[in-house]
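To keep things clear, I will list the structure first and then write my remarks on it.
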Amino acid sequence: MAAFTRARAALTGFVLVFFVGAGPALADRGPTLEERDSIEQALRVQGFVRWGDIDLDESEGVWEVEDALSVDGREYDLKLRAATLEVVDREEN
């Protein structure tokens with residue numbers, strides 16, 4: 001009987017960890033209209049003329065900008081520090 005109780009308790013713990021996990025995962029989100037205006041202004045100041053999707057990666061604290069075209073004609077995927085909108089990473093496409 002004690003073995004059954006321990007097994008049941010272990011199974012219950014497993015189910016809770018498996019289905020509940022460590023908490024909700026942070027999902028990327030798009031910018032609000034105000035955030036988009038600020039991001040687009042910062043991109044223009046930093047020499048970009050066109051870009052694609054913009055999403056906030058809350059786990060890294062950065063805005064991810066896809067397909068940003070610079071004035072020199074090169075295209076990049078960018079990461080902008082959310083607090084300052086400074087480009088902190090760029091990968092050429």
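The values are calculated or read from the model by the stated rules, or taken from the named source; none is laboratory data. Note that the structure is predicted; figures quoted are calculated from it, not measured. Cβ atoms come from the backbone with ideal geometry, glycine included; neighbour counts cover every protein chain shown.
Kindly establish whether Leu85 is touching a helix residue (DSSP H, G or I) at 6+ places or on another chain (Cβ under 9 Å), touching a residue at least 24 places away in the same chain (Cβ under 8 Å), outside any strand (DSSP E or B) and crowded, with 16+ Cβ neighbours inside 10 Å. Yes.
Just one of the listed residues (Gly52, Gly23, Gly30) is modelled with pLDDT of 95 or more and more than 20 Å from Glu92 (Cβ to Cβ), namely Gly30. With respect to the numbered conditions (1) in a helix (DSSP H, G or I); (2) in contact (Cβ under 8 Å) with a residue 40 or more places away in the chain, which one is the sole condition not fulfilled by Leu80? Against the list (1) in a helix (DSSP H, G or I); (2) in contact (Cβ under 8 Å) with a residue 40 or more places away in the chain, Leu80 comes up short only on (1).
Count, please, the residues in the range 70-85 that happen to be among the aliphatic types (A, V, I, L, M) and more than 15 Å from Val45 (Cβ to Cβ). Explain how you work it out, then say what you get.
Of the range 70-85, the ones among the aliphatic types (A, V, I, L, M) are 71, 78, 80, 82-83, 85.
Narrowing further to those that are more than 15 Å from Val45 (Cβ to Cβ): 82-83.
Qualifying residue count, the range 70-85: 2.
Name the residue, out of Val71, Val87, Val65, that is in contact with a strand residue (DSSP E or B) (Cβ under 8 Å, 6 or more places away or on another chain), β-branched (Val, Ile, Thr) and within 14 Å of Gly30 (Cβ to Cβ). Walk me through how you get there before you give the answer.
On the way: Val71 fails: within 14 Å of Gly30 (Cβ to Cβ); Val87 fails: within 14 Å of Gly30 (Cβ to Cβ).
Just a single option satisfies the conditions, and that option is Val65.
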